[in-house]
1. Can you run down the residue pairs with Cβ atoms below 9 Å, 6 or more apart or on separate chains, where the first is in segment C:83-94 and aliphatic (A, V, I, L, M) and the partner is in a loop (DSSP other than H, G, I, E, B) and surrounded by fewer than 17 Cβ atoms within 10 Å (Cβ to Cβ)?
2. Assuming A:V68 fulfils every condition listed in (1) away from every other protein chain (no Cβ under 11 Å); (2) in contact (Cβ under 8 Å) with a residue 40 or more places away in the chain; (3) more than 16 Å from ligand 2 (Cβ to nearest atom) apart from one, which condition is it?
3. Pairs needed: first member in segment C:245-270, over 23 Å from C:S169 (Cα atoms) and polar (S, T, N, Q); second member anywhere, assigned to a loop (DSSP other than H, G, I, E, B) and within 15 Å of ligand 1 (Cβ to nearest atom); C-beta distance under 9 Å; at least 6 residues apart or different chains.
4. For B:P185, state whether it is within 30 Å of B:P77 (Cβ to Cβ), within 13 Å of another protein chain (Cβ to nearest Cβ) and surrounded by fewer than 22 Cβ atoms within 10 Å (Cβ to Cβ).
5. Looking for something surrounded by 24 or more Cβ atoms within 10 Å (Cβ to Cβ) and at pLDDT 95 or above - is there at least one such residue anywhere in segment B:278-287?
6. Which numbered condition trips up A:Q266, out of (1) more than 30 Å from D:G120 (Cβ to Cβ); (2) at pLDDT 95 or above; (3) not basic (K, R)?
7. Hey, can you tell me all the residues within segment A:47-65 that are among the hydrophobic types (A, V, I, L, M, F, W, C) and either at the interface with another protein chain (Cβ under 8 Å from one of its Cβ atoms) or touching a residue at least 60 places away in the same chain (Cβ under 8 Å) (or both)?
8. From (1) assigned to a helix (DSSP H, G or I); (2) surrounded by 23 or more Cβ atoms within 10 Å (Cβ to Cβ); (3) more than 13 Å from chain D (Cβ to nearest Cβ), pick out the condition that doesn't hold for B:G36.
Amino acid sequence: MAVMTLVEAINHTLHQEMERDGRVLVYGQDVARNGGVFRATDGLLDRFGAQRVVDTPLSEGVIIGTAVGLAAEGFVPVPEIQFLGFSWQAFHQIAGQLARLRYRSDGRFDCPVTVRAPFGGGVRTPELHSEALEAQLVQCPGLKVVLPGSAADAKGLLASAIRDPDPVMFLEPLKGYRLVKDDVPEGEHLVPLGKANTVQAGDDVVLIAWSAQVEVARRAADVLAAEHGLSARVLDLRTLVPLDIEAIVAAVEHTGRAVVVSEAPQSAGFAAEVVATICEEAFYSLEAPVARVGGFDVPYPVGMLEEHYVPDPARVVAAALRVCGEAG
Amino acid sequence: MAVMTLVEAINHTLHQEMERDGRVLVYGQDVARNGGVFRATDGLLDRFGAQRVVDTPLSEGVIIGTAVGLAAEGFVPVPEIQFLGFSWQAFHQIAGQLARLRYRSDGRFDCPVTVRAPFGGGVRTPELHSEALEAQLVQCPGLKVVLPGSAADAKGLLASAIRDPDPVMFLEPLKGYRLVKDDVPEGEHLVPLGKANTVQAGDDVVLIAWSAQVEVARRAADVLAAEHGLSARVLDLRTLVPLDIEAIVAAVEHTGRAVVVSEAPQSAGFAAEVVATICEEAFYSLEAPVARVGGFDVPYPVGMLEEHYVPDPARVVAAALRVCGEAG
Amino acid sequence: MSLDLELAAPETIYRVLSEDGSELVAEPPALTDDAVVAVMTEMVKARVANGRFFALQRQGRAGTYAPIEGQEATVVGAVAALDPARDWVLPQYREPVALGRYGPEVLRTYALYQRGHPAGGHFPAGVRVFPVQISLAAQIPHALGLAWALRLKGEPGVACVFFGDGASSEGDFYEAGNFAGVLGAPVLFLCVNNGWAISTPLSAQTAATSFAAKAAAFGFPGVRVDGNDALAMISVVAAARERAVGGGGPTLIEAVTFRMGPHTTADDPKRYLPPEQRAGWEGRDPITRLGRHLEGRGLWDGERRAAAEEAAAAEVDAAWEAAEATTVAPDHFFDHVYAEPTPRMVTQRAELRRRLGLDGPDAGAGS
Amino acid sequence: MSLDLELAAPETIYRVLSEDGSELVAEPPALTDDAVVAVMTEMVKARVANGRFFALQRQGRAGTYAPIEGQEATVVGAVAALDPARDWVLPQYREPVALGRYGPEVLRTYALYQRGHPAGGHFPAGVRVFPVQISLAAQIPHALGLAWALRLKGEPGVACVFFGDGASSEGDFYEAGNFAGVLGAPVLFLCVNNGWAISTPLSAQTAATSFAAKAAAFGFPGVRVDGNDALAMISVVAAARERAVGGGGPTLIEAVTFRMGPHTTADDPKRYLPPEQRAGWEGRDPITRLGRHLEGRGLWDGERRAAAEEAAAAEVDAAWEAAEATTVAPDHFFDHVYAEPTPRMVTQRAELRRRLGLDGPDAGAGS
Ligand SMILES: Cc1ncc(C[n+]2csc(CCOP(=O)(O)OP(=O)(O)O)c2C)c(N)n1
Ligand SMILES: Cc1ncc(C[n+]2csc(CCOP(=O)(O)OP(=O)(O)O)c2C)c(N)n1
Ligand SMILES: [Mg+2]
Ligand SMILES: [Mg+2]
């Protein structure tokens, strides 16, 4: 065990996976010479050389498109999109090609590609550096969508993603890169894709979240316990595809009340899918409507305004009190 | 009144709107010389000339990107994306630029752009010609998302979209272009954006749908009445942004039971938003969980298989019977 | 080889055969007689297959078809210069009937594709052909990825990607071309300039003096070749391949040809095609052209053509009958989305199977 | 004007001033003395503003800043050749401090932008400057749309779009360039080649012989100009503008310059920049260069520079103080998503206002 920040855990895991498997390639904008704008790929160029660690031109479409060809020839590409908002430049290759290589070839080709990108906001970036696009990616069958919330999960999920035979969108909490810090097993550590994690036990209400919102939910749970005598369970979904429906249903059957926390715009965000899933699979366990706490139906705002846009513990607490029938 | 197919109604409306407003421009792939691969723009070149009706190179990104500049200079662009699946090539311009021109300029620029594209499947096309991407577009705040289900609505909604000061994704049911045929008012006919339409009254269950699935829901309603003595209400949402929450809530409060029909992949599809909205706004009126009938979590399949993928009345009937507690 | 790609002016069109095939205007590629006859035979087969798939669509038995008529030399000539054991071919959608050199499985697989069968995307392992691509230009970055991989492995192969004059307007073409130049990867960018993108003529597609000229944006050679001259195609692609395998990097090849048929069986060229333009190309048929040359060499005659057509018809019919005989499970579309289905897909599939009564007699009750 | 864009070889770099500014190597643009001094003054202002925004970020008062140091002549020279009443300017993110010719509102608005205030995107009506663009190359198709509109209206203006060497690798650049060639629209594509895209050098960005050479893909002229030579920038942009307004179509202009500072205040060039490369550019400062020329003409001296710096500092400080004094409603982000908010936005906004207690004393109870 060693305490690492989330970005250190990513960097450490990339070193281990490139060491383990010579087919793993890391490339993207500023990943080699500069070690990535967040240092996630720092040191890889020196260690593994210019054949396996490559700075690409500024072309997201071809960064993803080449991964399709490299995968078909047996490599394991781990390209980086410098900020998730710029995955839109590559959306035709992500949704139409990367996600479908196996399907379009009727099973001929595996597609073991892991696309890394920072996810979400909270650090006053310029436009398009803080997007939360998980719902758009979940609407691309063929992709797996993974969002670690802790450094240990970042390692375990990234290693699993890289070894997975299918394309994974690996979305790293931008705000958590340096803020999130926890114990990370130094040796082999795999967290399976598709298993949610109960971050904290609790009986009155379950707070369901992913990525940076897990920490927001956890802090809300502390407040609920300390100030309102409510025992809140915190469930980190970790992966949206595959979705751990069982864990969601079990949690809701246990608490009867749920709040879903996410930072994307509310309408058609993934929180809606969680609510719909709960209503389909655990309707009769519900003692109150499920509440959503999330971004508003506006584009991610500029620095001066983001604090009012991104969910905070107070909003989660208020929603939890509402679903628990208290003065929310 | 005149009976028109849906594509005739589109063509007729484009003529009227270009006549009415000299700022309206129609451009895209094969829209001029060829009149569009579905003839939606047939005759516009002869009538309005090569300055206002333009065949563009094969570049979706710049088709949308130029609309941003044209709009900023006071024009009213009505570009066409030949098939919705190819809007992914332009997704960075749609989601990051077109949707945000007003927002990024803090209100300086209007963005009266209407992007037309065929939506959905059912006619055995090659890949990427049958996508249902409404949920991804709803996750782009700044866009309005409009999906007519009848020829009359196609006219009334298209005219409203073209006159709207904000960008509208106008999604036309591919399958309905020639199959859907109804009475269309020949003169001025505007259907406001944001108002759902009760296609058929009913008391036991409401079938909520949009685009081509409205007809599927209607036929299911007939079967429910004829074979099961159930009175099904059919609500055509017409526009997903703005969403007519009031109409949804009123319908659910009236019936207590609901089925949402759509053809996109289930996970994170817009149907989830409808279910979540119902659970938030009309939870205590629900007598049973809301059911979703839709596509599966797979890419749109090839011709031989699509009949098993796209919802059909039988599936809607089965779901309705389930939510009504009958042997579904 | 006399042809110097570095010096090729992107405005002059490289030819080996005169337009009527009666004489050689440049040194022909070094090929055995059998090899040249094989090229001719493949062109004939492509033409025959073209007629069959067109007819099958008209009969409502096969799906929308994109005819290759007039462009056979571009594709057959190009692949004749490739090594099926080492080189990848990435088609757009018009080329598959002309890829016989990559094995009989190609036509069989394509027949399944035209039938709307999912296996139509699955060229068998070992066959270095990528699935038909409908999303224009999307296959171009894939070709770069394959070529990059070959280079990393030190394998002496190339990726040859076909795309149309229209597809060349997509960002994917330019982004891949630019990155290919930087990597010096062994990619042959084969732009099939057939004059039209559905109803959009060249003049509305680009103002560049040629498509080959676009290579200047990438820093590697661009060359124009007569796409109706099979021998010229072989020479140019062979030279580009040699250069790429030798580490010389990519080449952009513009094959100048013409689409004699409609865009697809759903298209009506009367709406946009000036009849005189098509007429101008009628005298330049690639099969007649190479045929005349081979006749001069005593390698071809009406009899052999008849025999080739007969053999082709038999092969196409067999492929089609096999395709029509190939069934598919209605829930097949769940099979190859992921290596392992998600829990939700398992539920969805079970529901579908129940509904369709695929799990025994008493299944499907109710729904 | 002596400069002929049609004949410009995309490899030779056009200059008017010798590198040290001591002599004229080509005919200077026809400008009044006041106009040239104004160019000099704007460059000084840009340099001063650059220092201020850098410092403000370091003090934690302003957001991440992208320094323009070294590139002032490229931007100030280019806009000096434009007509603010008719021509649109579309910046990337490094240019705004050098757009003073478009009015004092530009700097004031940019100060709001650097503060993270939403009004930072709103250049006042009448100011033909598009919002700062972070999504690389995304503004290039917008420029084409604006130019297309001007042509349709018959207005004699152009759209001049700035983008970096890195941005030139995006599909948006190529797609817009190609369509602009077809339309013959009055667009000036101004590629600011400052040697680097964050840590990515030119050699990893493209293998083309120059960025100007990419114009061959579009069918219009490409020209290289010394981006540290304000007079050369004026001549080239003026010629391109004249050509565009006269219906001659677009021009691709590559300004060769160098980014003397870090990519942004968040960047550390020590990680990638060879010190000798930067050193090589130290002697080519654009302000010193034009300064020497103007001194020779008796139009400039240390005193005037000091005065210009003082005036600039005052203007920047005023702009910043105004920005810092500008408040914003916490729910402002609901204002300009649509002309009319959706019903759901109305609910969301009401909830936010209640929570923040913006609707009177007893509001916000509970949540
Ligand atoms: C990205 C994308 N946009 C639009 C289409 C619709 N479409 C199919 S074929 C075609 C024309 C293609 O022309 P070209 O590339 O010249 O190939 P050709 O058909 O002439 O062989 C168009 C516009 C598509 N398939 N993909
Ligand atoms: C589409 C897109 N991809 C990636 C980025 C991240 N990014 C910001 S600036 C930059 C480098 C830009 O280099 P260049 O275009 O040469 O402009 P310069 O910074 O040198 O002025 C990158 C990669 C972005 N902003 N937009
Ligand atoms: Mg073509
Ligand atoms: Mg640069």
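1. Pairs that qualify, where the first residue is aliphatic (A, V, I, L, M) and the partner is in a loop (DSSP other than H, G, I, E, B) and surrounded by fewer than 17 Cβ atoms within 10 Å (Cβ to Cβ), are C:A85/C:G126.
2. Evaluating A:V68 over (1) away from every other protein chain (no Cβ under 11 Å); (2) in contact (Cβ under 8 Å) with a residue 40 or more places away in the chain; (3) more than 16 Å from ligand 2 (Cβ to nearest atom) leaves (1) as the failure.
3. Listed pairs, sorted by first residue: C:T265/C:G63; C:T265/C:T64; C:T265/C:Y65; C:T265/C:A66; C:T265/C:P67.
4. Judged against the criteria, B:P185 is not a match.
5. Checked segment B:278-287: at least one residue is surrounded by 24 or more Cβ atoms within 10 Å (Cβ to Cβ) and at pLDDT 95 or above.
6. With (1) more than 30 Å from D:G120 (Cβ to Cβ); (2) at pLDDT 95 or above; (3) not basic (K, R) applied to A:Q266, the lone miss is (1).
7. Residues satisfying the conditions are A:L58, A:V62, A:I64.
8. Every condition holds for B:G36 apart from (1).
The values are calculated or read from the model by the stated rules, or taken from the named source; none is laboratory data. Since the model is a prediction, treat every value here as computed from it, not as a measurement. Here the Cβ is made from the backbone with ideal geometry for all residues, glycine too, and neighbour counts use every protein chain on show.
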